[in-house]
Amino acid sequence: MMIAQSCRSLDEHIDNQEGHHQPYLLASGTCKQAISTYYIVIDKKLIPCQGTTSLAAVDKLFKVHFVFSVSYNAALNNMYKFLQTTVYGVDATKESPKVKELRAKFMNRS
């Protein structure tokens, strides 16, 4: 997640981003503790998140990957697969052994 301070232009931030091919979250606010708006950035376009919490923003980001059929960032692949299989219950056939293990531990906690 990137954080842009309110005094900085969001367009300026996006224009300066190179190498981001997967969607990502952009949080806007005066500081990390005072985030006022979340956006999803994809192909240098801003999609505003209607929700005002980080949880709602992550939910939208995950769904954007599915709607636009975008592959997960390699560094975050296991996290997304965990969300996909455990939280959203979508296609558990392609999960890695690590994700299976984490999901099993998570589901066995009572």
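Computed from the coordinates by the stated procedures, all read-outs in this text should not be read as laboratory data. Just so we're clear, the structure is a prediction, and the values are computed from it rather than from any experiment. Cβ placement follows ideal geometry from the backbone for every residue including glycine, while neighbour counts extend to all protein chains displayed.
For helix 54-67, report the angle its Cα long axis makes with the longest principal axis of the Cα atoms of the chain; keep it between 0 and 90° and round to the nearest 10°.
With both axes taken from Cα atoms, the answer is about 70 degrees.
Which of the lysines could be linked to residue 63 by a straight reach, that is with a Cα gap under 22 Å, when you skip same-chain ones fewer than 8 residues away?
Partners within reach: 44, 45, 81, 94, 100.
Could you calculate the contour length gain from residue 53 to residue 91, that is, 0.36 nm times the residue separation minus the distance between their Cα atoms, to one decimal place in nm? Intermediate values should be presented prior to the final figure.
Details: separation 38, 0.36 × 38 = 13.68 nm, distance 2.67 nm.
The residue 53-residue 91 span can extend by a further 11.0 nm.
Find which of 64, 28, 13 sits farthest along the positive direction of the dipole of the chain, computed with +1 on the beta-carbon of Lys and Arg, -1 on that of Asp and Glu, about the Cα centre.
Ranked along the dipole, the leading option is 64.
Quick one: 3J(HN,Hα) in Hz for the range 75-87, Karplus 6.51/-1.76/1.60 with θ = phi - 60°, rounded, Gly and Pro as x.
For the range 75-87, the Karplus-derived couplings read 5, 10, 3, 5, 5, 5, 5, 4, 4, 4, 8, 8, 7 Hz, x marking Gly and Pro.
What is the spin-label model distance, in nm, from residue 109 to residue 10 if the labels are put 7 Å beyond Cα along the C-beta direction?
Once both label points are built, they end up 3.4 nm from each other.
Treating the angle as unsigned and between 0 and 90°, give the value, to the nearest 10°, between the Cα long axis of helix 97-107 and the longest Cα principal axis of the chain.
That helix lies at roughly 90 degrees to the long axis.
Between residue 33 and residue 63, what length comes free when the chain is fully extended (0.36 nm per residue of separation minus the Cα-Cα distance, one decimal in nm)?
Details: separation 30, 0.36 × 30 = 10.80 nm, distance 2.53 nm.
Net length gain for the segment: 8.3 nm.
What value, in deg cm²/dmol to 500, does the helix sum -39500 (n - 2.57) over DSSP H runs of n ≥ 4 give at 222 nm once divided by the residues of the chain? Walk me through the numbers on the way to the answer.
Details: 4 runs with 37 residues, N = 110.
Taken over the chain, the calculation gives -9500 deg cm²/dmol.
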